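Read the figures in this text as sums done on the coordinates, not as results from a lab. Predicted, not measured: the structure shown is a model, and the values here were computed from it. Cβ placement follows ideal geometry from the backbone for every residue including glycine, while neighbour counts extend to all protein chains displayed.
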Amino acid sequence: MTISVAVSGASGYAGGEVLRLLAGHPDVTIGAITAHSNAGSRLGELQPHLHGLADRILEDTTVDNLAGHDVVFLALPHGASAEIAAQLPAGTLVIDAGADHRLEDPEAWEKFYGSAHAGTWPYGLPELPGQRDALRGATRIAVPGCYPTSALLALAPGFSNGLLEGDDVVIVSASGTSGAGKAAKVNLIGAEVMGSMSPYGVGGGHRHTPEIEQGLSKALGAPVTVSFTPTLAPMSRGILTTATAKVRQQPGRSVGAAELRAAWAEAYADEPFVHLLPEGQWPSTKSVQGSNHAVMQLAFDEHTGRVIVCCAIDNLTKGTAGGAVQSMNIALGLAESAGLNLQGVAP
Ligand SMILES: NC(=O)c1ccc[n+]([C@@H]2O[C@H](COP(=O)([O-])OP(=O)(O)OC[C@H]3O[C@@H](n4cnc5c(N)ncnc54)[C@H](OP(=O)(O)O)[C@@H]3O)[C@@H](O)[C@H]2O)c1
């Protein structure tokens with residue numbers, strides 16, 4: 001079976017990464033590739049690493065150009081993807097890398113994005129409890145944000161096992177600048193970023209906060225509140241998230257390092273792409289560069305009674321395009337790791 005796939009936003013970082021993975025996927029044929037201001041250009045001018053597709057011409061991002069494929073990837077600014085998605089046939093598998101369909105609470109959407117809520121689609125993070133069932137046979141998939149991917153993978157086992165308190169969760173993430181997309185912005189130019197780190201969205205304002213709270217609240221089965229601070233790091237890709245939460249101690253049940261480690265080890269024992277590293281080994285963004293893997297390590301800080309989990313992903317792979325392709329594979333009943341058997345790049 002060959003599946004025809006269209007990729008919009010193909011001139012951007014997320015769309016380019018989707019194409020990189022699909023070019024090595026055994027079951028798909030790449031059909032239309034589309035862009036906005038760069039429509040009409042040769043892909044090789046904009047994505048020179050995609051050698052096999054270099055002579056393909058970017059088309060306009062229209063419903064006509066995208067419809068007629070089995071699968072459509074949307075790698076567009078939020079808002080633009082909801083508008084296109086609403087016009088695509090119901091039977092087409094539409095996979096949106098943008099934020100439009102991730103949140104379940106319309107009020108949270110309106111508060112953080114300032115527009116009307118476009119609805120909620122199955123969430124493309126298969127490693128969360130029960131999520132593979134939600135993705136099998138789906139025709140619409142919302143790919144998680146890159147920070148939420150790392151934060152949810154870091155803390156979900158603790159909440160789904162009732163080991164953590166939901167009211168004191170602190171998450172700090174460092175991201176490479178590709179997380180902000182390819183459009184030119186002064187704070188992202190080399191002179192500003194090289195040799196420097198800086199925070200942004202401090203004080204609860206980052207749009208990924210409600211998405212992280214949504215996923216952790218589901219895992220706990222009760223509301224979880226999160227203090228989330230992203231920082232910009234001088235690297236092109238990668239996220240290192242440090243997530244901490246208070247460990248829940250109950251009469252007759254003392255939770256320590258061994259119980260915590262066992263919960264995380266069990267949660268990810270059979271996962272092809274999510275790994276609790278051996279004790280003593282800590283994650284690095286370099287080790288997952290270009291791969292769909294997430295690696296993490298945890299410690300129990302007895303002094304503060306908190307668990308600290310550090311998780312590294314590649315924001316463009318597991319944090320976007322890899323998660324999108326993995327979810328496509330599950331939705332269509334393909335091998336889950338098809339097109340994703342990539343090791344990292346070193347040094
Ligand atoms: N970068 C990441 O790490 C990451 C991670 C998770 C999710 N995402 C999400 O993925 C989506 C794309 O992000 P990105 O980082 O790839 O951004 P990007 O590099 O800026 O690319 C944006 C793409 O969208 C196209 N585009 C811009 N405005 C458009 C419009 N009004 N209608 C149709 N197409 C339009 C651009 O085309 P032209 O170049 O031709 O103008 C380009 O192909 C966003 O929703 C983002 O939040 C990104």
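DSSP bridge analysis restricted to the chain gives an antiparallel fraction near 50%, rounded to the nearest 5. Note on the chain: helix-only mean residue ellipticity at 222 nm, from DSSP H runs of 4+ residues weighted -39500 (n - 2.57) and normalised by residue number, equals -7500 deg cm²/dmol.
Taken along its principal axes, the alpha carbon cloud of the chain reaches lengths of 64, 46, 39 Å, longest axis first.
Applying Stokes-Einstein at 37 °C and 0.692 mPa s to the Kirkwood radius of the range 147-315, computed over alpha-carbon pairs, gives a translational diffusion coefficient of 200 µm² s⁻¹.
Taking R0 as 22 Å, what FRET efficiency do you get between residue 258 and residue 168 from their Cβ-Cβ distance, rounded to the nearest 0.05? That gives a FRET efficiency of 0.50. Over the range 230-285, the hull volume per residue, using the convex hull of the C-alpha atoms, is 114 Å³.
Comparing 97, 180, 267 in a Gaussian network model of the chain where C-alpha atoms under 10 Å apart are linked, the largest mean-square fluctuation is found at 180. The slack in the chain from residue 111 to residue 186, taken as 0.36 nm per residue of separation less the alpha-carbon distance, amounts to 24.3 nm.
Using the Cβ atoms and a cut-off under 13 Å, what net charge is assigned to the surroundings of residue 273, where Lys and Arg are +1 and Asp and Glu are -1? After counting each charged neighbour, the total is -3. Based on the Cβ-Cβ distance from residue 301 to residue 55, what FRET efficiency comes out when R0 is 56 Å, to the nearest 0.05? It comes to 0.55. Just so you know, the averaged projected area of the alpha carbon convex hull for the range 3-121 sits at 7.3 nm². Here the Karplus relation 6.51 cos²θ - 1.76 cosθ + 1.60, evaluated at θ = phi - 60°, turns the backbone of the range 71-80 into coupling constants of 10, 10, 9, 10, 10, 10, x, 4, x, 5 Hz, with x for every Gly and Pro. Here the spin labels are modelled as points 7 Å beyond Cα on the Cα-Cβ line, and at residue 202 and residue 139 they lie 4.8 nm apart. In order along the range 25-36, the phi-based Karplus estimate (6.51 cos²θ - 1.76 cosθ + 1.60, θ = phi - 60°) of 3J(HN,Hα) comes to 8, x, 10, 10, 10, 7, x, 5, 10, 10, 8, 10 Hz; Gly and Pro are listed as x.
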